[in-house]
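Chemist: Before we start, here is the structure in question, set down as structure tokens.
The values are calculated or read from the model by the stated rules, or taken from the named source; none is laboratory data. Computed from a predicted model, the values in this text were never measured in an experiment. Glycine gets a Cβ as well: all are built from the backbone with ideal geometry, and neighbour counts include every protein chain shown. Accessible surface is based on the protein model in full, side chains and every heavy atom, while ligands, DNA and RNA are left aside. Shrake-Rupley method; radii C 1.70, N 1.55, O 1.52, S 1.80 Å.
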Amino acid sequence: MPQLSQKLTVDGLWKRIARRMARARLHYGHGTDNPRDDAAALICHVLEVPTGLPTPALLKKTPSLRQRLMIEALAARRIRERIPVVYLTRQCWFAGLSMYVDERVLIPRSPLAELIERRFAPWIDSRRVHRVCDMGTGSGCIAVACARSFQRARVDAVDISPAALAVARINIARHRLAKRVRVVKSDHFSALGRRAYDIIVSNPPYVGRRELATLPAEYRHEPSLALGAGADGLDSVRVLLKCAPRHLRPGGILVVEVGNTEQAVRRAWRALPFTWLEFERGGGGVFLLTREQLTE
Ligand SMILES: C[S@@+](CC[C@H](N)C(=O)[O-])C[C@H]1O[C@@H](n2cnc3c(N)ncnc32)[C@H](O)[C@@H]1O
């Protein structure tokens, strides 16, 4: 139990919570990769510091008893219930944009953010991008970021989960994009008719059954629909590869994150000329195919 009679500066509290988190051997992989950053995110959330990093001046201050109790309570939940910090703060960043997040959606962390910020260069001429489909939109992070990157494009944010789409709507409204980003409830392409796109981008579920059972406790707070994709993790990728050609305009591209199932994808579709993308900020397991490559 924290000794609340003992006055602590923000710096002292930060160090103490980070130490407690380190001892608890938590799993990091939902936006932060160490206990200090996790503790800072909780403290900044309560003290309403938007940058997520305490300033030198703030470090010397003493939080009020109420603030201290709130910070301690959040840290205790992070440790005891293994809840990723972002679900506690309900706030994260994707491609430089602030996103509302809760347990109805996967926590945004896709390397695709970097590609979207680059407007998919050099893979497509951004001037010709009028329609984008984000398949498996979750929080809507990819759809919102695409709409921001392509200021004149219309974006379909597609998901099978009504709960996820409710969160996507919050983010679309937050970024005032309701006129250009359409939310569609659909099992992959089934509700999209003959609609065709210049870019189909997707971070689909891609965890196989065996791996799903061994994931650290933090992942159990994420919707299983967002992670699991059948016995080998390839169920969603199979649908994307089969159906995308019908929904791509000539010259259009399909970009899919498959993470650590990259080797399984390479083995399963040996004949497809995948381009595996590289990212400056880290991450990988993302392939790109043109419509022409998919149909050849
Ligand atoms: C890995 S999450 C990605 C969420 C978000 N795009 C991101 O990058 O953070 C996969 C998403 O695909 C959705 N999904 C799963 N099966 C689907 C299906 N058959 N059709 C459409 N969406 C599906 C899940 O509900 C989930 O929101």
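Chemist: Could you please state how large a percent of the accessible area of the chain is carbon and sulfur, counting protein chains only and using a 1.4 Å probe?
Modeler: The C+S portion of the solvent-accessible surface of the chain is 52 percent.
Chemist: Sticking with this structure for a sec: Could you go through segment 249-265 in sequence order and give the Karplus-derived ³J(HN,Hα) for each residue, using 6.51 cos²θ - 1.76 cosθ + 1.60 with θ = phi - 60°, rounded to whole Hz, and x for Gly and Pro?
Modeler: So the Karplus estimates, Gly and Pro as x, are 6, x, x, x, 10, 10, 10, 9, 8, 10, x, 7, 8, 3, 5, 5, 5 Hz.
Chemist: Hey, can you find the accessible area per residue of segment 55-208 for me, probe 1.4 Å, expressed in square angstrom?
Modeler: 44 Å²
Chemist: A further question follows. Not counting ligands, DNA or RNA, and with a 1.4 Å probe, what is Phe150's accessible surface area in Å² rounded to the nearest 10?
Modeler: Phe150 exposes around 0 Å² with every protein chain in place.
Chemist: Something else now. Run down the lysines and flag those whose C-alpha is under 20 Å from the C-alpha of Lys61, throwing out any fewer than 8 positions away in its chain.
Modeler: Cα-Cα hits under 20 Å: Lys7, Lys15.
Chemist: Give a quick list of trypsin sites (Lys or Arg not before Pro) in segment 24-76 that DSSP marks as loop, anything other than H, G, I, E or B, with at most 14 other Cβ atoms within 10 Å.
Modeler: When the trypsin sites (Lys or Arg not before Pro) of segment 24-76 are filtered for loop state and at most 14 Cβ neighbours within 10 Å, Arg25, Lys60, Lys61 remain.
Chemist: Got a sec to turn the phi values of segment 110-127 into Karplus ³J(HN,Hα) couplings, 6.51 cos²θ - 1.76 cosθ + 1.60 with θ = phi - 60°, whole Hz, x for Gly and Pro?
Modeler: Per-residue couplings from phi come out as 6, x, 4, 3, 5, 5, 5, 4, 7, 6, 6, 6, x, 7, 8, 6, 4, 5 Hz.
Chemist: Continuing with this model, one more query. Expressed as an acute angle from 0 to 90° and rounded to the nearest 10, what is the orientation of the C-alpha long axis of helix 65-80 relative to the principal long axis of the chain?
Modeler: 50 degrees
Chemist: Another question about this same structure. Kirkwood Rh, the chain, all Cα pairs: how many Å?
Modeler: One over the average 1/r among Cα pairs gives 20.3 Å for the chain.
Chemist: Would you please give the residues with an amide H less than 5 Å from that of Thr275, counting only those at least 5 places away or on a separate chain, with H modeled from the backbone geometry?
Modeler: Leu288
Chemist: Then there is this: So what's the net charge close to Ile142: Lys and Arg +1, Asp and Glu -1, counting the other residues with Cβ under 13 Å from its Cβ?
Modeler: -4
Chemist: Using a 1.4 angstrom probe and counting only protein chains, how large is the accessible area of Leu65 in Å², to 10?
Modeler: Looks like 110 Å² after rounding.
Chemist: May I ask you to list the aspartates and glutamates whose Cα is less than 14 Å away from that of Lys185, ignoring any residue fewer than eight positions away on the same chain?
Modeler: Filter leaves Asp134, Asp156, Asp159.
Chemist: Another question about this same structure. For Leu53, what accessible surface area do you get with a 1.4 Å probe? Give it in Å², rounded to 10.
Modeler: We get 100 Å² for Leu53.
Chemist: Another question about this same structure. Calculate how many DSSP beta bridges within the chain are antiparallel, expressed in % of all such bridges and rounded to the nearest 5.
Modeler: 35 percent
Chemist: At 7 Å along Cα-to-Cβ for each site, give me the label-to-label distance between Asn260 and Ala24 in nm.
Modeler: It is 2.3 nm.
Chemist: Spin-label point model (7 Å from Cα, Cβ direction): what's the Leu47 to Phe279 distance in nm?
Modeler: 3.0 nm
Chemist: Each residue of segment 192-204 in turn: what ³J(HN,Hα) in whole Hz from Karplus with 6.51, -1.76, 1.60 and θ = phi - 60°, glycine and Pro shown as x?
Modeler: Those phi angles translate into 9, x, 9, 4, 10, 10, 7, 9, 10, 10, 8, 10, x Hz.
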